[in-house]
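The structure appears below as structure tokens.
The values are calculated or read from the model by the stated rules, or taken from the named source; none is laboratory data. Note that the structure is predicted; figures quoted are calculated from it, not measured. Using ideal geometry, Cβ is built from the backbone for each residue, glycine included, and neighbour counts are taken over all protein chains shown. Heavy atoms of the whole protein, side chains included, go into the accessibility calculation; ligands, DNA and RNA do not. Shrake-Rupley method; radii C 1.70, N 1.55, O 1.52, S 1.80 Å.
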Amino acid sequence: MSHLRIAGKLMLVVVLLLAGTVAHSQGRHARFMQVTSIGKFKPGFYTLLDGSRHGGKLRVWQDLERNVVQVEQGKADPINLQTADLQGFTIGTDSFAVVRQVAMVGAPTEKPFGEAEFFRVMLTGRIQVLQHDQLMRSHNTVGHLNIWLLRMSPESAIVGLPYEQSAFAQHASTLFVDNPLLCQRIRAGLVGPDDFKRIIYAYLFKREIEQVSYEEAANIFRQ
């Protein structure tokens, strides 16, 4: 009987360990799925392609294929708005613009975002800065790829900036030719994609980029 009681206890331990492993695995899976959603539903509004404006609670939903805007519908499934349906939208304090036919600087025939995509507005004024966020899979992991977009003047087109160092040095430098020193720093690879906010700050306020901190530069952008 003693051996039977010990065997029973061992079996119970094994069952509990298996249950714990399943629960832990399910928890990881749930958290993984949540990364495709940026935040909870927040009050906002959206403007359709026909110009009509509508209010509601919105959020951005992402997967590896697309970004959509979801409108909360209570207990019913949310409405999914595609970029083709929208002019723009606002969620809380974040504004998003839908831009069509965006090309990468240095590659005017390439349209990496397709016919239309929405971009978060990060800076307005003398120049406009937008940011694109997309889920990407690399080596069996999923992460966010952020690409900066820039309009140097109201008359110029919005272009995307390369996120690879050598391409950034070659092509992004052409946008800042009226600031030769900054242009030279970019072309030489002394500053790159990770310094984008510092580059914009130095350009706008005519500062030497070596004197601009990351914290100082971030203050002019929407967080």
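Here are the numbers:
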{"item": "Filtered residues of the range 71-94 (kept if open to solvent by less than 70 Å² (accessible area, probe 1.4 Å), touching a Phe, Trp or Tyr at 6+ places or on another chain (Cβ under 9 Å) and touching a residue at least 40 places away in the same chain (Cβ under 8 Å))", "result": "86, 88, 89, 90, 91"}
{"item": "Residue in the range 181-213 that is nearest to residue 125 (Cα to Cα), counting only those that are open to solvent by 30 Å² or more (accessible area, probe 1.4 Å) and of a type in the set (Gly, Ala, Ser)", "result": "213"}
{"item": "Members of the range 125-145 that are surrounded by 13 or more Cβ atoms within 10 Å (Cβ to Cβ) and either within 11 Å of the chain's Cα centre (by Cα) or over 13 Å from residue 102 (Cβ atoms) (or both)", "result": "127, 129, 130, 131, 132, 133, 134, 135, 142"}
{"item": "Residues (in a strand (DSSP E or B), open to solvent by 50 Å² or more (accessible area, probe 1.4 Å) and at pLDDT 80 or above) located in the range 27-58", "result": "40, 41, 42, 43, 45, 53, 54, 55, 57"}
{"item": "Sole residue being more than 20 Å from the chain's Cα centre (by Cα), among the small types (Gly, Ala, Ser) and closer than 30 Å to residue 52 by Cβ, chosen from 157, 103", "result": "157"}
{"item": "Close pairs (9 angstrom Cβ cut-off, 6 or more residues apart or separate chains): at positive phi in the range 52-70, among the charged types (D, E, K, R) and assigned to a strand (DSSP E or B) anywhere", "result": "56/72"}
{"item": "Looking only at the range 170-180, and only at residues there that are open to solvent by less than 70 Å² (accessible area, probe 1.4 Å) and farther than 15 Å from residue 197 by Cα, the one that is nearest to the chain's Cα centre (by Cα)", "result": "171"}
